[in-house]
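Inspection log for the structure reproduced underneath, given as structure tokens.
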Amino acid sequence: MPGIKLTLPKDRELFAFVFARFIDGELTGIAEGQAMQYAPDLRAADFLARQIRDEIRHARLYKNLYAYVSPDSPAPEQSWLLRQITNPVSGRLWVEHCFLDKAVGERWVHYLMQMLIGHTQDTRIVKTLQAIARDEVTHIAFGETQVRARIAHSRFMATYLWGLYLRVDYALAAAYRLTRSVVSRRYSAEGAALLDQFFTEYRDKGLREVAQLLGVKPRRSVGRMLFSQLIYLVRWPFAGWWQNPVRAFRAS
């Protein structure tokens, strides 16, 4: 949809909603401090520390963008439905964290940013998103590197992570079906068209890219999703598959 452009004030409400959700997402980055406890080494822990600083800076930038597009109202809290879609966002093991939070979560954020950058006719919004997007690319790359290293000799781990991704995939599809009519009534025709594109074209793009990362076929399976979710809930057989970075450093 190359001809579609989001503008102010026509798309003020859509921008406000998206930036409010971006603020929520960036603030969850503070939870990276918990992931430091099971980072495999100090180098990985140092990356998380730098990412926390990135996320806090991004939250401030998004807060400024929200005030720019909607100066007369505070950012609304995240809805129950969106909390369910984004939970769990980081996992409890290192490979889960790098996969769900970075290789998957940051990827979807970057997709949305790419769409806004390509279809927004406002210099301030576009330049701010471009600056944040450069950081997001480094976060995604780090997550992908960590995931590849941990699935290189484990086909089971790759298929397990694929099932976790399918949870995100199906949740986004459900959210789209539940909110499609609301979106078409609430936002401009251009905004609704772009959200349609995001939930369809980008969903397929994510499926292909994540499947390529894991070395699996890009095939949806409710059974695979439920099996991986069961393993996630009981954490078997991965209990103990983490290493405290301080202990690792002392042992080296």
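The values are calculated or read from the model by the stated rules, or taken from the named source; none is laboratory data. Predicted model, so just to flag it, every value in this text is computed and none were measured. Every residue, glycine among them, receives a Cβ derived from its backbone with ideal geometry; neighbour counts consider all protein chains shown.
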Exercise. Of the numbered conditions (1) out of contact with any His (no Cβ under 6 Å at 6 or more places or on another chain); (2) closer than 26 Å to residue 220 by Cβ; (3) of a type outside the set (A, V, I, L, M), residue 128 fails exactly one; give the number of that condition.
Key: (2)
Practice problem: Look through 182, 104, 137, 147 and report the one residue that is among the β-branched types (Val, Ile, Thr), over 15 Å from the mean Cα position of the chain (by Cα) and within 24 Å of residue 216 (Cα to Cα). | Solution: 147
Quiz item: When you scan the stretch 159-204, how many residues do you find that are among the charged types (D, E, K, R) and closer than 21 Å to residue 103 by Cα?
Solution: 5
Quiz item: Considering the stretch 119-154 alone, what residues qualify as being free of Cβ contacts under 8 Å to residues at least 40 places away in the same chain, surrounded by fewer than 16 Cβ atoms within 10 Å (Cβ to Cβ) and over 20 Å from residue 66 (Cβ atoms)?
Solution: 134, 137, 138, 141, 145, 149, 152, 153, 154
Practice problem: Scan the stretch 5-44 for residues that are closer than 15 Å to residue 94 by Cα, hydrophobic (A, V, I, L, M, F, W, C) and modelled with pLDDT of 90 or more and report the count. | Solution: 1
Quiz item: Pairs, please: C-beta under 9 Å, at least 6 apart or cross-chain, first residue closer than 15 Å to residue 98 by Cβ and in contact (Cβ under 8 Å) with a residue 12 or more places away in the chain and in the stretch 35-54, second charged (D, E, K, R) and loosely packed, with under 15 Cβ neighbours inside 10 Å?
Solution: 39/46
Quiz item: Scanning the stretch 161-186 for residues that are crowded, with 21+ Cβ neighbours inside 10 Å and aromatic (Phe, Trp, Tyr), which turns out nearest to residue 112 (Cα to Cα)?
Solution: 165
Self-check item: Scan of the stretch 3-39 for residues that are surrounded by fewer than 18 Cβ atoms within 10 Å (Cβ to Cβ), outside any helix (DSSP H, G or I) and not hydroxyl-bearing (Ser, Thr, Tyr), ordered by number
Solution: 3, 4, 5, 8, 9, 10
